[in-house]
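What follows is a short report on a single structure.
The values are calculated or read from the model by the stated rules, or taken from the named source; none is laboratory data. Fair warning: this is a prediction, and the values are worked out from it, not measured in the lab. So basically every Cβ, Gly included, is an ideal-geometry build from the backbone, and we count neighbours across all protein chains shown. With ligands, DNA and RNA removed, areas are computed over all heavy atoms of the protein, side chains included. Shrake-Rupley method; radii C 1.70, N 1.55, O 1.52, S 1.80 Å.
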Amino acid sequence: MTQAPKDADARRAVPPVICYPTETLPQPDLALYARARAGARKVAEVIAAPRDAAGFHVPAGHFFRITNIEGPQVGDLNLWHAANHDERFYSGKSRALHGTHLSVGDRMWSCFPYLRPMATLTEDTLGWYGQDDFGGRVHDVIGTRCDPHTHHLLSGQDYHHCCHSNLTRAYAAEAGVPVAEAARMVHDVLNVFMCTGFTRDTGQYFMKASPVRPGDYLEFFAEIDLFGALSACPGGDCSSEHSSDAAACHPLLIEVFAPEGGALAGWESPGVNGYSGTHGM
């Protein structure tokens, strides 16, 4: 190990600076959303089966809810603009703007060059969890999604029900494209209900048993027209391992709710990012 310099303590003591101050970040009108949600009616539902994924559509101005219905289970969520699948969820920028884990008032932002809110989190029954003694929190935008490539790298085996593969099949069925093309459209996720963090000694990404129980849910407001896919992770509650059939797994319910006419008076779906796109050329 490299010997520490004499001023090592002073260098470590330099205070941090927030990379992206959010004082000027446009804020969602949560009170408006709550009023609109109060009179909304359910218009669709779909089940993500254990170790599989389901696709769903949510028009702009509607709400969608992901609910744990049978037993502790985490899910991996992808979002695309319904009419332009090149615009998709950008977990890294959402993490940079809001933090490693998302909750009420935070937004799922889309990728470049669009960079606009896709969905706003409006309700979270696990909001009480906070941070535990291990540094764990719920609903992370740290992990990439379990995938068959990393599984093969570490084990030498093929496994076809990792979240990446589940989402790939759901996307292929929706878009009617070959599996190889669908796999390229799957992207880093919001890990719904998953409890994760970084170890203090090695800085490794960890998971632990999710605190989610039947009846818990996470709800979103669709800021733009969305196509989504949700995988019920093969890790179940992620208390032991994923990328295998070892864990007990359960389905997840996705419901879509439409507000009454006029309930969102004054709200407009956000336009794409205003940057010129010239990049100095």
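Ligands, DNA and RNA left out, the 1.4 Å accessible surface of segment 110-182 is 57% carbon and sulfur atoms.
Restricting the calculation to Cα atoms, segment 139-225 shows an Rg/Rh of 1.02 when the hydrodynamic-style radius is the Kirkwood one. With the convex hull drawn over the C-alpha atoms of segment 188-273, the volume per residue is 172 Å³. Which of the three applies to segment 1-51, rounded, prolate or oblate, going by the alpha-carbon gyration tensor with a ≥ b ≥ c and a/c under 1.5 meaning rounded? Oblate, since a/c reaches 1.5 and b/c is not below a/b. A viscosity of 0.692 mPa s and a temperature of 37 °C, combined with the Kirkwood radius over Cα pairs in Stokes-Einstein, give a translational diffusion coefficient for segment 59-210 of 198 µm²/s. Here mean projected area of the Cα convex hull in nm² was calculated from the structure, and among [x] 18.8; [y] 14.2; [z] 12.4 it sits at label [x]. Of the peptides 168-177, 18-27, the order by per-residue mean of other Cβ atoms within 10 Å, starting with the highest, comes out as 168-177, 18-27. Distances between placed amide hydrogens fall under 5 Å for Glu241 paired with no residue 5 or more residues away or on another chain. Just the protein heavy atoms count here, and of the accessible area of segment 186-276 at 1.4 Å, carbon and sulfur take up 48 percent. Label points 7 Å out from Cα along the Cβ direction at Cys19 and His279: separation in nm? The modelled label-to-label distance comes out at 2.0 nm.
Taking 0.36 nm per residue of separation and subtracting the Cα-Cα distance, full extension of the segment from Val177 to Ala265 would add 27.8 nm.
For Leu126, the amide hydrogen comes within under 5 Å of the amide hydrogens of Tyr217, counting only partners 5 or more places away or on other chains and with H modelled in the peptide plane. Distance between the 7 Å Cα→Cβ label points at Val104 and Lys6: 5.5 nm.
Our summary gives the chain a relative contact order of 35 percent, counting only alpha carbon pairs under 8 angstrom and 6 or more residues apart. Accessible area per residue was computed with a 1.4 Å probe on protein heavy atoms; Arg11 scores about 150 Å². Sorting 238-251, 69-82, 28-41 by their mean Cβ neighbour count within 10 Å, with the most densely packed peptide first, gives 69-82, 238-251, 28-41. What does the C-alpha gyration tensor say about the overall shape of segment 224-281? Classify as rounded when a/c is under 1.5, otherwise prolate if a/b is larger than b/c, or oblate. Oblate is the answer for segment 224-281, as a/c is 1.5 or above yet b/c matches or exceeds a/b. Per residue, the chain exposes 50 Å² of accessible surface when a 1.4 Å probe is rolled over the protein heavy atoms with every protein chain present.
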